[in-house]
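Undergrad: Input: one structure, supplied below.
Bear in mind that the values in this text are calculations on the coordinates, not laboratory data. Note that the structure is a prediction, hence the values are computed from the model and not measured. Note that each Cβ is placed from the backbone with ideal geometry, even for glycine, and that neighbours are counted across all protein chains shown.
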Amino acid sequence: MIPITVVRFGEEEEREVLEVLRSGTIAQGPKVAELERRFADYVGAEHAVAVNNGTTALIAAIEVLDLEPGDEVLTSPFTFAATLNAILAAGATATFADVSLEDFNVTAPSLEASITDRTRVLMPVHLYGQIADMHGIAALADARGLRVVEDTAQSHGSRQGDVGAGTTGIGTFSFYATKNITTGEGGIVTTNDADVADRLRVLRNQGMRARYQYEMAGNNYRLTDLQAAVALPQLDRYPSVVAQRDANARRLSEILADVDGIEVPRVAHGRTHVWHQYTVRVTDAAVSRDELVEALAAEGIGAGVYYPRLVFDYDVYRGRDDVRIVDVPNAERLVREVVSLPVHQHLSADDVERVGERVAAIARGVR
Ligand SMILES: *Cc1c(COP(=O)(O)O)cnc(C)c1O
């Protein structure tokens, strides 16, 4: 069996967690502070505020912007439900811009086409491990006086030139079990704005500045030292994790390069990819996307479809005033074409060959 994700820790994590257990400080404490410092450094932001998951990271990022009811957050329709749920939980209206077939992300022109007079926030989602065109999106936000919140749950450390994912406006990251860096559940918010960072710290702790001195109606968004302890050794290893994922992705793309009807993922010029997922498009292969997934599963190769439908295309979101649907033809096409293949750092060289060769054979119709 070659699963699409494997969670495996080393002795370093065991030692860090044991230290926290023995210290008696298991809730938010020095390990969380250390994680915040080191994570901010790593992504190139001035501040990082750890929270209890990636969804609350998004909610907190929107909440500190003090939006009015009816204000719109413009995001990708090709994302996980958390992106949309967070916008709604924060009391804003969600609307959408189409994604590019090249990098699966929203672009400055697609966002611009969807801007209305109620738009306040541009929220790109850096999908699968590749940062969106933040040079273009930052310029658009500046020109239109809009805020930027980046859903970076899948793209820890991806960069466009010297711009790290999550450093343009407010960046939100997830440390969920399947993400590139994990604490089981966890998240972190990054920003270069000291005032935003300060408000996030107060917001995550019941709105409390000092004991029983409340500055806002807050919440409990805190991460624990037990969780932060699990993340710290992963930060040390992360460059080598990304390098291994990158090597696996390159090899898969070599094997699949000349398979008709399979489009391998591209790394945009000037950007880095951290390969949260390695995602191909099945355009006109000998089998359909769903047949390919089924055939791979039958051979013990875990392949995943992220995502089988547009984020708003579920009954629970239909007919809501705070979900404003627009036409997104590229995204509609992608939900039928994409499939993600195992690319993680725990694959052996033989695993990578087998995944590539089996996908190639099945897609060619030679089983
Ligand atoms: C995982 C994920 C989230 C939510 O993170 P959680 O830690 O699971 O709450 C948000 N957006 C995207 C794109 C994700 O992949």
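Undergrad: Taking the range 295-306 as the search range and keeping residues that are touching a strand residue (DSSP E or B) at 6+ places or on another chain (Cβ under 8 Å) and part of a loop (DSSP other than H, G, I, E, B), which one is farthest from ASN85 (Cα to Cα)?
TA: GLY300
Undergrad: Could we say that ARG118 is away from the ligand (no atom under 16 Å from the Cβ), over 16 Å from the mean Cα position of the chain (by Cα) and either surrounded by fewer than 23 Cβ atoms within 10 Å (Cβ to Cβ) or aliphatic (A, V, I, L, M) (or both) here?
TA: Working: away from the ligand (no atom under 16 Å from the Cβ): yes; over 16 Å from the mean Cα position of the chain (by Cα): yes; either surrounded by fewer than 23 Cβ atoms within 10 Å (Cβ to Cβ) or aliphatic (A, V, I, L, M) (or both): yes.
Answer is yes for this residue.
Undergrad: Only residues that are surrounded by fewer than 24 Cβ atoms within 10 Å (Cβ to Cβ), out of contact with any Ser or Thr (no Cβ under 8 Å at 6 or more places or on another chain) and either in contact (Cβ under 8 Å) with a residue 12 or more places away in the chain or not acidic (Asp, Glu) (or both): list them for the range 182-202, please.
TA: The answer is THR182, GLY184, GLU185, ASP193, ALA194, VAL196, ARG199, ARG201, VAL202.
Undergrad: Is one or more of the residues making up the range 240-258 part of a loop (DSSP other than H, G, I, E, B) and under 27 Å from ALA132 (Cα atoms)? Spell out the reasoning first.
TA: Taking the range 240-258 and keeping what is part of a loop (DSSP other than H, G, I, E, B), we get 257-258.
Then keep just the ones that are under 27 Å from ALA132 (Cα atoms); that gives 257-258.
Within the range 240-258, one or more residues are part of a loop (DSSP other than H, G, I, E, B) and under 27 Å from ALA132 (Cα atoms).
Undergrad: Residue by residue through the range 294-347, note down the ones that are hydroxyl-bearing (Ser, Thr, Tyr) and surrounded by 18 or more Cβ atoms within 10 Å (Cβ to Cβ).
TA: Within the range 294-347, the subset hydroxyl-bearing (Ser, Thr, Tyr) is 306-307, 314, 317, 340.
Passing the criteria: TYR306, TYR307, TYR317, SER340.
Undergrad: Residues that are in contact (Cβ under 8 Å) with a residue 12 or more places away in the chain and over 22 Å from GLY187 (Cα atoms): does the range 35-52 have at least one?
TA: Scanning the range 35-52 turns up no residue that is in contact (Cβ under 8 Å) with a residue 12 or more places away in the chain and over 22 Å from GLY187 (Cα atoms).
Undergrad: Considering only residues of the range 65-80 that are among the β-branched types (Val, Ile, Thr) and in contact with a Ser or Thr (Cβ under 9 Å, 6 or more places away or on another chain), which is nearest to the ligand (Cβ to nearest atom)?
TA: Here the answer is THR75.
Undergrad: Go through ALA108, ALA132, ALA89 for me and flag whichever is surrounded by fewer than 24 Cβ atoms within 10 Å (Cβ to Cβ), within 13 Å of the ligand (Cβ to nearest atom) and among the aliphatic types (A, V, I, L, M).
TA: None of the others qualify; the one that does is ALA89.
Undergrad: I'd like to check something: does the range 141-148 contain any residue that is surrounded by 24 or more Cβ atoms within 10 Å (Cβ to Cβ) and within 16 Å of the ligand (Cβ to nearest atom)?
TA: There is no residue in the range 141-148 that is surrounded by 24 or more Cβ atoms within 10 Å (Cβ to Cβ) and within 16 Å of the ligand (Cβ to nearest atom).
Undergrad: Working only within the range 163-199, note down all residues that are aliphatic (A, V, I, L, M) and more than 16 Å from the ligand (Cβ to nearest atom).
TA: VAL163, ALA194, VAL196, ALA197
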